[in-house]
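What follows draws every value from the coordinates through simple rules; no lab data is involved. For clarity, every value in this text was computed on a predicted model and none was experimentally measured. We place every Cβ from the backbone using ideal geometry, glycine too, and count neighbours over all the protein chains shown.
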Amino acid sequence: MAMLNGKVKWFNNAKGYGFILEDGKPDEDLFAHYSAIQMDGYKTLKAGQP
C-alpha cells in the first residue's frame, strides 16, 4: 500500500473512520480506517492533524 501525505479532514472515533485531504489534491478525500493508523494505544486522528 502506498503512503500518501495530507491533513485530517475529520475522523469519527465511535465509527473508527474519517477522511484525509491529500496534499496537492484538495478536491480528493482519502478514506482513513482506524486499522491503518500506525501508533501505539488508542488509534485516533484529529482534524487538521498532518
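Here are the numbers for this structure:
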{"read-out": "Residues located in segment 28-47, provided they are exposed (fewer than 12 other Cβ atoms within 10 Å of the Cβ), aliphatic (A, V, I, L, M) and either under 8 Å from the mean Cα position of the chain (by Cα) or part of a loop (DSSP other than H, G, I, E, B) (or both)", "value": "Met39, Ala47"}
{"read-out": "Those residues of segment 6-17 which are out of contact with any Ser or Thr (no Cβ under 9 Å at 6 or more places or on another chain) and surrounded by 10 or more Cβ atoms within 10 Å (Cβ to Cβ), in sequence order", "value": "Gly6, Lys7, Val8, Lys9, Trp10, Asn12, Tyr17"}
{"read-out": "Unmet criterion (only one of (1) assigned to a loop (DSSP other than H, G, I, E, B); (2) among the aliphatic types (A, V, I, L, M); (3) surrounded by 13 or more Cβ atoms within 10 Å (Cβ to Cβ)) for Leu21", "value": "(1)"}
{"read-out": "Positions within segment 1-18 being of a type in the set (S, T, N, Q) and either in a loop (DSSP other than H, G, I, E, B) or in contact (Cβ under 8 Å) with a residue 40 or more places away in the chain (or both), in sequence order", "value": "Asn5, Asn13"}
{"read-out": "Odd one out for Gly48, checked against (1) at positive phi; (2) without any contact (Cβ under 8 Å) to a residue 40 or more places away in the chain", "value": "(2)"}
